[in-house]
Amino acid sequence: MKLERHQLVGVLLASMGSLALEVVLTRIFSVTMWYHFAFLAISLAMMGSALAGVVLYFFPRLTTPESARRWIGWAALALAVSVPITFWLYLKMPFHIALNRTGGFTLAQFLVFALIYLDLTIPFFLNGVVMALALSGWAAQAGRIYWADLTGAALGCLFSVFALDMLGGAGALLGLSVLMALAGVAFSAGWFPRKPAQAIPLAGFLVMTALLVSNVVHPWLQIRINKTGGEEAPLLYEKWNAHSRVTVYEPLYYPFFWSVGPQYWEKAINESSTFGYALLLIDSVAGTPIQNFNGDLRQVSFLRYDLTSFVYHLIERPETLVIGPGGGRDVLAALATDAPHVTAVEVNPAVIQAVRGPLRDFAGDLYGRSDVSVVIADARGYIDRSPQRYDVIQASLIDTWAAGGSGAFALSENSLYTREAFQTYYEHLSDRGILTVSRWYLPERPAETLRLVSTGMAGWEAAGVADPRQHVVVLVRLLSGSPGEGLSTTLFKREPFTPAEVAALAQKAAELEFTVIYAPGMTPTEEVGTFISAPDHAAFINAYPLDISPATDDRPFFFNLVLLGDLLDPALSGSGVYRTSMEAIIILFVVIGVSVTFGVAFIVVPLLVGARKRGLPRPPARVLGYFGALGIAFMLLEIPTIQKLTVYLGRPVYSLAVVLFTLLLCSGLGSLWSSRWPAETIARRMRLVFPALLVVIVAYVMLNTSILQATLGLSLGLRLVVAVLLLAALGFFMGIPFPVGMRWAGTRWPGVVPWLWGVNGVMSVLGSALATALAIHVGFRITLMCAAVVYALAGVLLTTQLAVSPESRLADS
């Protein structure tokens, strides 16, 4: 039977809602749990889809064309209803138990984690049912269905960005439920024999719309639980977007310092009447203070006593750029030093909106001052494109403990802390300029500070500095009440520090109760100084028990300090700094383990048993391997590509939207084109498609870096065009192998479509985890080449299978 246009619209809307659900859940996981749980959303989506294939495989009568067309509308309606129900149940779960950070992974944690997994898999399972029914009901038109599926997913990515910004986390879920209910209406047109039944999908759509509108007018579905399981304090401000959830709480009236000498804390209280601050949190964990300010810079001069502001004691009237200004504390410190102008570059617009909006009077309209320019962009890309040079570039404790726009596809990537980034900073410093970067310091094992120093010195070397050791000074102070943890501020100067500058610097540091652990000409007394002074940095890095090698744009995982062999080290698990890095890796392995376990238990074993005991059709091993390889290869290419474009486009949300939209849309076009192939030409054409795909991947790997660097200075609009053109050919050829294989296999071995769908889903889960692990350990370039190798394997499997399939059989299909 012909596939009608309204049925294609149903596929598109269901896929659009499902992809949007995946993105929105990454944001919600980052708020309610830790950011590295964002990776779980991919696993849920793929596993639910695969499980749907298994269920339909065991009920083949549902996959007959007539039954599939009859039930697909009901499945879409159930999908729409399941989203708010499963999310409400999720909010009632004690998920803070799964986040217990006091010991190892316990049975209670596993059970809660499994319960969350099963609950939130339900919507993705129902979406998998919808897609499998569509492919079963119109198997001969798999290419058109796959085109609608991918196009809907591409649009879903854009919709998720819009929905999060306009509706918030819970509201976005209700919004995509409306899309899914509308899919049910599209599928049901003409397929319900009784008029009352025909009205049910429409009624479901109206109910979902009413729930959305009611939540906008009077919010009833909200996230008010933090990572500890407790209720949040009263909010002054809340804003969701694709970056994060930003919240601001009631002001606290005592001075905020990252690290300060005791006498200067008291001095701040005595000198200022505006030392209060309001705490701004990003995803309930990454904090930045909004400093109370009445317009009198003398009242905030106490900010210069903080270790993060030490640079302002060294340079008079510095032209300053602040990376990640947040609530504006570093901006005020610069202005209090008589800085003539400060450029504040913030990637998250919701942070700026908070300071300019409800906290405007409290913050003294800081971001409205004529001597402050606020830029909403990725700081690395902005600096790279800027023709200006600065006396001070400051980055104080810029973390990624939130699932940013690309957070679902990485653990802790950060393009601000790479060798190439530091080279850019060097090139944009004035002749007297200093880059100041503050990070955590643990005296027993100062790996984070060591990695900062190693990366910065590598960047200075890349910029042509002969001996970076003469350009570096490191100061530290241990935190009050936490003798095992402290803060470091590292100064990277464009010109070498002179002996006179070192002497003056050391005197000022002693006055402010800071310790200089390295400066040119000093005898090192601890590990950071020993490393900087070492004649062979590479040998020191290789011998060190943690990963302190310079981070690079190809491997920008600055915060992943813990190697696999260190996961059970109790000395590391006791530190908040290293524990987070350890947890991220452990969560990655837990997700892989749970996904593989569930995949084997609920997909592989049932399929094998069902094929043997019930006489159900079973595709050849080569065909199963083919669809599994496609699932792995697609993820190996997609994930590092998203990471790579973040710096280029300036904001992570742009990278996420452009990469997913372009790859999915162009893959849909490739699928649509291949759906028009005559059956007898499939074998010949596929023998050409895979070599073409491999050529495109290799060309992309070899040329993308130079193309991006050459066009980085273009306007945002032109850079978006360049990114789309760079990815278009990749997406087009990546969209051909799956639908062609599905069309061919589905007609040669009737009833196996759910099996193939399930195998592809399971291996996609594994592929997403594998892509992240490979990127962390070997970098994006090798990960992309691994994608080419796996695609080549898929081509070999299909070619060998076609070789044993007579052409006459292909023509019959």
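The values are calculated or read from the model by the stated rules, or taken from the named source; none is laboratory data. These numbers come from a predicted model, not from an experiment. So basically every Cβ, Gly included, is an ideal-geometry build from the backbone, and we count neighbours across all protein chains shown. SASA here: full protein model, heavy atoms, side chains in, ligands and nucleic acids out. Shrake-Rupley method; radii C 1.70, N 1.55, O 1.52, S 1.80 Å.
What figure in square angstrom, to the nearest 10, would you give for the accessible area of W265 with a 1.4 Å probe?
80
Return the distance in nm (one decimal) between the two label points of a simple spin-label model at S386 and S533, each offset 7 Å from Cα along Cα→Cβ.
With each label placed 7 Å out from Cα toward Cβ, I get 3.5 nm.
With runs of 4+ DSSP H residues as the only contributors, calculate the mean residue ellipticity of the chain at 222 nm using -39,500 (n - 2.57) per run, divided by the residue total and rounded to the nearest 500.
The helix contribution divided over the chain gives -19500 deg cm²/dmol.
For C157, C786, give me the order by solvent-accessible area with a 1.4 Å probe, most accessible first, ignoring ligands, DNA and RNA.
C786, C157
Sorted by accessible area with a 1.4 angstrom probe, largest first, how do V347, V31, V796 fall?
V796, V347, V31
What is the count of Lys pairs in the chain whose alpha carbons sit under 29 Å apart, if the two are 8 or more places apart or on different chains?
Value for the chain: 8.
In square angstrom, rounded to the nearest 10, how much accessible surface does W440 have for a 1.4 Å probe?
60
So how do V129, V695 rank on accessible area, 1.4 Å probe, biggest first, that is with the largest at the start?
Largest accessible area first, the list is V695, V129.
Quick one: which of 385-392, 359-366 comes out on top by average Cβ neighbours within 10 Å, and what's the full order, highest first?
Descending packing order for the listed peptides: 359-366, 385-392.
Within the chain, what whole-number % of the accessible surface is contributed by carbon and sulfur, with the 1.4 Å probe and all protein chains included in the calculation?
Heavy-atom surface of the chain belonging to carbon and sulfur, 1.4 Å probe: 64 percent.
Determine the distance separating the Cα centre of region 657-703 from the Cα centre of region 780-794; give it in Å without decimals.
One Cα centre to the other: 15 Å.
Nearest 10 degrees, 0 to 90: what angle lies between the long axis of helix 107-137 and the longest principal axis of the chain (Cα atoms)?
40
Given a 1.4 Å probe and the protein chains all in place, what does the accessible area of M734 round to, in Å² to the nearest 10?
So the heavy atoms of M734 present about 10 Å² to solvent.
Keeping all protein chains in place, calculate the accessible area per residue for the chain (probe 1.4 angstrom), answer in Å².
Value returned for the chain: 35 Å² of accessible area per residue.
If packing is taken as the average number of other Cβ atoms within 10 Å across a peptide's residues, how do 369-382, 312-325 rank, most packed first?
In descending order of packing, they fall as 312-325, 369-382.
Under the classification rounded if a/c is under 1.5, otherwise prolate if a/b is larger than b/c and oblate if not, where does region 1-81 fall, given a ≥ b ≥ c as square roots of the Cα gyration tensor eigenvalues?
Prolate, since a/c reaches 1.5 and a/b exceeds b/c.
If you take every DSSP beta bridge fully contained in the chain, what fraction is antiparallel? Give it as a percent rounded to 5.
Of all bridge pairs located within the chain, approximately 65 percent are antiparallel.
What is the packing order of peptides 494-504, 655-665, 599-609, taking the mean over residues of other C-beta atoms within 10 Å and listing the highest first?
655-665, 599-609, 494-504
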